[in-house]
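Colleague: The structure is given below, and queries will be raised subsequently.
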């Protein structure tokens, strides 16, 4: 279970999150929607541990562990996974080398033995097949020259291999065509389970047709201003964020 | 303006004394040695006011001249070679040198690969061998003080003649095993006959804590339609002052690849003098340098496109940790007649700590009007966003840094075709990274 209490965050003296509270239960898929600049991506980076942000107040607990006291790699080993809105290209690092390094680093942090190469390859092939990732893509440098859709599929492949307990999808639908959206969504849905929860950040309701959330939260000016069930997403799609922007101004 | 004669430094005085006592003992043409030393002595050790040595002030860096090493005993030589580690896993024809002396007993002259001839340089100098006429293929190298010192003092080395395709790599293995500081001066001449091909490995190693002063020159004359692959590694001890020169002359349609990997030496300067002598030749000249502590590593390159329609590519990568210093000086010269020259030179440095420094000096001298030449130089730190991405996937910071440094250097190494050699170079990078974490 992820619990965020009164989170206050700034970057370069600009306040982004203003006392945000959010609870995501085990097995729950929570969607966060909100206008541009409401702090959605900041929230995802702060949970994952990016350095640039200054946390002024509040706490983030994953199954009772205080994430804010942990380095990004420790958070990953504790079960946090952030699927990046813009996955980074790393020239010179083969995708397979990267995947193996990531899996084994997490296993090591958890006191587990390293995967043998045949075992690793077996797992990668199984997960890659499901996401329709061709083998030659895995031989290339990580994300270098990948299309937008390929990059997002690579993120979900990492998620499938690392088996995190808390997954953040930061605008995973951006830059995806209809087929890629379906493949990525199916990949995510296959990973839904009672002991894994998701935070799905999106501007559009479209993604939530494919990854149906249990709860929907509206974010504005750095806090959650409304929470509800999946029907809230439809309401937002119909009415836009205008109501919530007004509340910002008020 | 009158020339001001400077006081000689202790090192310069030491070199004069060394030459005076050695000149009658060294083999070969005494006149050419005397001429080279005279030229050197006129100006002395190059210092920061000499343009080519602005960033590597040898007058300041070389405090005194180490005595030249004598011939090692058979036991000493055997032990030195048994302990040699550089590219040890690569199966190759071994051409070993201990303390600057060619170990002819370690080579089976009766069982050399087909197309390979080896002549010990000391003997050749003494007997006035025909091939000596082909030494010093780059005339303007004679103006370079490091090269002049080598010409003055060269006592040993080998001359190799390659005729036809030679599959087995040839490993020029230099080991210095003296426990007190010694100087060495070796010269290797490689004559690659038309349509021949060869892989040359060159490694230099010595123990830590001793200020050895090697000055090594490798000269390659690559004939028409030749293919020469050259891999060099500086794994000298942490106090060494290592000077080296690679002089290459390429014939028509010759292909050359060369990489210098630097992990050793307190101070090192590797000079590459390349000359395109025939049309449609291609050279890829790379460097991968890793320095830490207070190490200083200089890569200086002059590529002379003396013939039209040639292509040169230079990629030098430098990783600098702690308070170390990197230097890259690269010059591409294109004379009037060398039309359709295509030259690209790039130096990229990665600073891992605040105290390090990098000096980049790329230069183009172009007199022809139909050429494509480009140079670039970058200097930066590891990308914080990439580090975060890797850490968010579970890699601890040091591991994430290592992966990015490996990727950075890998770009300069990946062209090496021989799998075992490339793996050995990659392992060298990994070893350097492990030592820093």
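The values are calculated or read from the model by the stated rules, or taken from the named source; none is laboratory data. Note that this is a predicted model, so its numbers are computed, not measured. Here Cβ is always computed from backbone atoms with ideal geometry, including for glycine, and neighbour counts include all displayed protein chains.
Colleague: Quick one: is residue B:84 under 24 Å from the mean Cα position of the chain (by Cα), assigned to a helix (DSSP H, G or I) and under 26 Å from residue B:112 (Cβ atoms)? Steps first, please.
Modeller: On the way: under 24 Å from the mean Cα position of the chain (by Cα): yes; assigned to a helix (DSSP H, G or I): no; under 26 Å from residue B:112 (Cβ atoms): yes.
It is false that residue B:84 is under 24 Å from the mean Cα position of the chain (by Cα), assigned to a helix (DSSP H, G or I) and under 26 Å from residue B:112 (Cβ atoms).
Colleague: Of B:309, B:286, B:227, which residue is at pLDDT 95 or above and either under 24 Å from residue B:406 (Cβ atoms) or crowded, with 23+ Cβ neighbours inside 10 Å (or both)? Spell out the reasoning first.
Modeller: On the way: B:309 fails: either under 24 Å from residue B:406 (Cβ atoms) or crowded, with 23+ Cβ neighbours inside 10 Å (or both); B:227 fails: either under 24 Å from residue B:406 (Cβ atoms) or crowded, with 23+ Cβ neighbours inside 10 Å (or both).
Only one candidate passes the filter, namely B:286.
Colleague: Shifting gears a bit: Please indicate, with yes or no, whether at least one residue in the stretch B:398-409 is at pLDDT below 95 and either more than 14 Å from chain A (Cβ to nearest Cβ) or surrounded by fewer than 15 Cβ atoms within 10 Å (Cβ to Cβ) (or both).
Modeller: Yes, the stretch B:398-409 contains a residue that is at pLDDT below 95 and either more than 14 Å from chain A (Cβ to nearest Cβ) or surrounded by fewer than 15 Cβ atoms within 10 Å (Cβ to Cβ) (or both).
Colleague: Inside the stretch A:28-114, counting only helices (runs of 4 or more DSSP H) that do not spill past its ends, which hold 2 or more residues that are in contact with a strand residue (DSSP E or B) (Cβ under 8 Å, 6 or more places away or on another chain) and surrounded by fewer than 21 Cβ atoms within 10 Å (Cβ to Cβ)? Write out each step before concluding.
Modeller: On the way: elements: A:40-48, A:72-78, A:95-109.
Passing ranges: none, list empty.
Colleague: So, residue B:388, is that one more than 26 Å from the chain's Cα centre (by Cα), within 14 Å of chain A (Cβ to nearest Cβ) and part of a helix (DSSP H, G or I) or not?
Modeller: Values: more than 26 Å from the chain's Cα centre (by Cα): yes; within 14 Å of chain A (Cβ to nearest Cβ): yes; part of a helix (DSSP H, G or I): yes.
It is true that residue B:388 is more than 26 Å from the chain's Cα centre (by Cα), within 14 Å of chain A (Cβ to nearest Cβ) and part of a helix (DSSP H, G or I).
Colleague: Give just the number: which of (1) within 15 Å of the chain's Cα centre (by Cα); (2) in contact (Cβ under 8 Å) with a residue 40 or more places away in the chain; (3) within 14 Å of another protein chain (Cβ to nearest Cβ); (4) more than 18 Å from residue B:390 (Cβ to Cβ) does residue A:53 not satisfy?
Modeller: Result: residue A:53 fails condition (1) only.
Colleague: Residues of the stretch A:115-149 being in a loop (DSSP other than H, G, I, E, B) and within 22 Å of residue A:86 (Cα to Cα), which ones? I'd like the intermediate steps shown before the answer.
Modeller: Going residue by residue through the stretch A:115-149, those that are in a loop (DSSP other than H, G, I, E, B) are A:115-116, A:131-134, A:140, A:143-147.
Scanning the stretch A:115-149 gives A:131, A:132, A:133, A:134, A:140, A:143, A:144, A:145, A:146, A:147.
Colleague: More than 13 Å from chain B (Cβ to nearest Cβ), touching a helix residue (DSSP H, G or I) at 6+ places or on another chain (Cβ under 8 Å), modelled with pLDDT under 95 and closer than 23 Å to residue B:406 by Cβ - does that describe any residue in the stretch A:78-91?
Modeller: Initially, the stretch A:78-91 is screened for residues more than 13 Å from chain B (Cβ to nearest Cβ), giving none.
No, that holds for no residue.
Colleague: Filter the stretch B:54-103 down to residues that are farther than 20 Å from residue B:177 by Cα, buried (at least 17 other Cβ atoms within 10 Å of the Cβ) and touching a helix residue (DSSP H, G or I) at 6+ places or on another chain (Cβ under 8 Å), then give me how many there are.
Modeller: So the count comes out to 4.
Colleague: Follow-up question, since we're still on this one. Give me the residue from the stretch A:132-148 that is in contact with a helix residue (DSSP H, G or I) (Cβ under 6 Å, 6 or more places away or on another chain) and surrounded by 18 or more Cβ atoms within 10 Å (Cβ to Cβ) and, out of that set, nearest to residue A:174 (Cα to Cα).
Modeller: My answer is A:143.
Colleague: What is the one condition in (1) crowded, with 20+ Cβ neighbours inside 10 Å; (2) without any contact (Cβ under 8 Å) to a residue 12 or more places away in the chain; (3) away from chain A (no Cβ under 14 Å) that residue B:354 does not satisfy?
Modeller: (1)
Colleague: Within the stretch B:236-259, count every residue that is assigned to a loop (DSSP other than H, G, I, E, B) and within 15 Å of residue B:303 (Cα to Cα). Before the answer, list the steps.
Modeller: So in the stretch B:236-259, the residues assigned to a loop (DSSP other than H, G, I, E, B) come out as B:236-240, B:251-254.
From the residues that got through so far, the ones that are within 15 Å of residue B:303 (Cα to Cα) too are B:251, B:254.
Going through the stretch B:236-259 one residue at a time, the tally reaches 2.
Colleague: Tally time: how many residues in the stretch A:65-77 are in contact (Cβ under 8 Å) with a residue 12 or more places away in the chain and either more than 10 Å from chain B (Cβ to nearest Cβ) or under 20 Å from residue A:17 (Cβ atoms) (or both)?
Modeller: Just the residues of the stretch A:65-77 that are in contact (Cβ under 8 Å) with a residue 12 or more places away in the chain, to begin with: A:65, A:67-68, A:70-77.
Those still in the list that are either more than 10 Å from chain B (Cβ to nearest Cβ) or under 20 Å from residue A:17 (Cβ atoms) (or both) too: A:65, A:67-68, A:70, A:72, A:75.
So the answer is 6.
Colleague: Would you confirm whether or not the stretch B:370-385 contains a residue that is within 13 Å of chain A (Cβ to nearest Cβ) and either closer than 20 Å to residue B:261 by Cα or surrounded by 14 or more Cβ atoms within 10 Å (Cβ to Cβ) (or both)? Can you show your working first?
Modeller: At the first step, the residues of the stretch B:370-385 found to be within 13 Å of chain A (Cβ to nearest Cβ) are B:382-385.
Checking the rest, the ones that are also either closer than 20 Å to residue B:261 by Cα or surrounded by 14 or more Cβ atoms within 10 Å (Cβ to Cβ) (or both) come to B:382.
There is at least one residue in the stretch B:370-385 that is within 13 Å of chain A (Cβ to nearest Cβ) and either closer than 20 Å to residue B:261 by Cα or surrounded by 14 or more Cβ atoms within 10 Å (Cβ to Cβ) (or both).
Colleague: Further, regarding this structure: I need the strands (runs of 3 or more DSSP E) fully contained in the stretch B:113-198, keeping only those with at least 2 residues that are touching a helix residue (DSSP H, G or I) at 6+ places or on another chain (Cβ under 8 Å), at pLDDT 95 or above and surrounded by fewer than 21 Cβ atoms within 10 Å (Cβ to Cβ).
Modeller: On the way: elements: B:116-120, B:156-162, B:170-176, B:183-192.
In the stretch B:113-198, the matching strands (runs of 3 or more DSSP E) lie at B:116-120.
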